[in-house]
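A.B. asks: Can you keep this structure in mind? I'll have questions shortly.
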Amino acid sequence: MSASSSLPSAPGRRARPGRRTGVGVTRPGLAWALPATVFFLMFAIVPLVLVVVLSFADWNGVDAPRFNGFANWTKLLHDPVMAQSVWLTLLLTVAGVVVQTPVSILLGVWAAGHQRNRAVLSAIFFVPLLLSATAISVVWRAILDPNFGLPSQLGWLFGDGNLLGSQSGAIAVLTFVGMWQWTPMHALLYQGGARAIPPVLYQAAQIDGAGKLLQFRHITLPQLRNTMITSIILMLVGGLTTFDTVLILTQGGPGTDTTNSAYYMYQQAFKEYDFGAGSAIALVLVVVATLISLAVVRLSGYDKMRSSAEGL
């Protein structure tokens, strides 16, 4: 008889075998997931179901909703502003990814090093993370004011100074402000990813005579692959749902030149009081963001990544 079997069980307690996984670690019970499940149902699933229902209804926010079939969808399908907003949303999203990704990688890798004054400079770079999108938009609107801001003092650089008066200038401003606001967050992701790279890889590369550039190309970038995928997915979802920056900086103008889908949803629902059309636009954004995220995960092979704690 083994020593463990000879030990008496605690009085008043019934011995029950623990549920174990394949790696020998006890799996938590379902009760642990209950709070998160309830929260997710209340603030994600239930609102999403209501949006789906309202997309097939006519509702002004006051009277009772009336079912109108596919009228909202037919309206949006033939709406030129809706088509333009989808194109603009995709353009701003792609521009954000193209501009923010290299800057975030370089800043994050640099912040993971041991340079002098690195901590102080990193803290300064991460200041935009402490500000709301509304505050950032107000600040940049004042800075870029054609009468009292920088453009009025630097005419040789800004031309007539009215950057928000043309579609190309407004798109450039929205892209720049988005980069200034969100690059620190993504740089923080890359900083954590860069610090997790085993130093022995760089030591071996130095022995082989590889310089900093080759180490960055053949060690740092491949090791940051999964971090890059996570960052890009966050950029895509954030770009597709950008609203407050457009609302404060351009209000969809000039005309409708910067009216992206999120802002057009706001116009339809809270200015035109057509909550059915607004719900349809919101549902389109949810579906598009989900499909793009799944496509990125599948094409990148991120879904096949396994960790040592998989299944716990």
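A.B. asks: Of the residues in the stretch 270-285, how many are part of a helix (DSSP H, G or I) and either closer than 17 Å to F70 by Cα or in contact (Cβ under 8 Å) with a residue 24 or more places away in the chain (or both)?
C.D. replies: 11
A.B. asks: Can you tell me how many residues in the stretch 241-251 are surrounded by fewer than 21 Cβ atoms within 10 Å (Cβ to Cβ), of a type in the set (A, V, I, L, M) and in contact with a Ser or Thr (Cβ under 6 Å, 6 or more places away or on another chain)?
C.D. replies: Count: 1.
A.B. asks: While we're here: Being surrounded by 14 or more Cβ atoms within 10 Å (Cβ to Cβ), small (G, A, S) and within 30 Å of G169 (Cα to Cα), is that true of even one residue in the stretch 76-95?
C.D. replies: Yes; the residues of the stretch 76-95 include at least one that is surrounded by 14 or more Cβ atoms within 10 Å (Cβ to Cβ), small (G, A, S) and within 30 Å of G169 (Cα to Cα).
A.B. asks: State which residue pairs qualify: first residue within 17 Å of F176 (Cα to Cα) and inside the stretch 230-247, second residue aliphatic (A, V, I, L, M) and open to solvent by 40 Å² or more (accessible area, probe 1.4 Å) in any location, beta carbons under 6 Å apart, and separation of 6 or more residues or different chains.
C.D. replies: Qualifying pairs under 6 Å: L236/I292.
A.B. asks: Kindly indicate whether any position in the stretch 147-156 is part of a helix (DSSP H, G or I), surrounded by fewer than 17 Cβ atoms within 10 Å (Cβ to Cβ), at negative phi and in contact (Cβ under 8 Å) with a residue 40 or more places away in the chain.
C.D. replies: no
A.B. asks: Please enumerate the residues belonging to the stretch 102-122 that are open to solvent by less than 60 Å² (accessible area, probe 1.4 Å) and of a type in the set (G, A, S).
C.D. replies: Of everything in the stretch 102-122, those that are open to solvent by less than 60 Å² (accessible area, probe 1.4 Å) and of a type in the set (G, A, S) turn out to be S104, G108, A111, A112, G113, S122.
A.B. asks: Still on this structure: Could you tell me which of the residues T227, T220 is at pLDDT 90 or above, assigned to a helix (DSSP H, G or I) and closer than 30 Å to W140 by Cβ?
C.D. replies: Exactly one of T227, T220 is at pLDDT 90 or above, assigned to a helix (DSSP H, G or I) and closer than 30 Å to W140 by Cβ, namely T227.
A.B. asks: Could you tell me how many of the residues in the stretch 26-80 are over 22 Å from T290 (Cβ atoms) and assigned to a loop (DSSP other than H, G, I, E, B)?
C.D. replies: 14
A.B. asks: Also: Considering only the stretch 162-196, state which residues are of a type in the set (A, V, I, L, M) and surrounded by fewer than 17 Cβ atoms within 10 Å (Cβ to Cβ).
C.D. replies: A172, A196
The values are calculated or read from the model by the stated rules, or taken from the named source; none is laboratory data. Keep in mind that what you see is a predicted model, and the values were worked out from it rather than measured. Here Cβ is always computed from backbone atoms with ideal geometry, including for glycine, and neighbour counts include all displayed protein chains. Just so you know, the surface numbers come from the protein's heavy atoms only, side chains and all, with ligands and any DNA or RNA stripped out. Shrake-Rupley method; radii C 1.70, N 1.55, O 1.52, S 1.80 Å.
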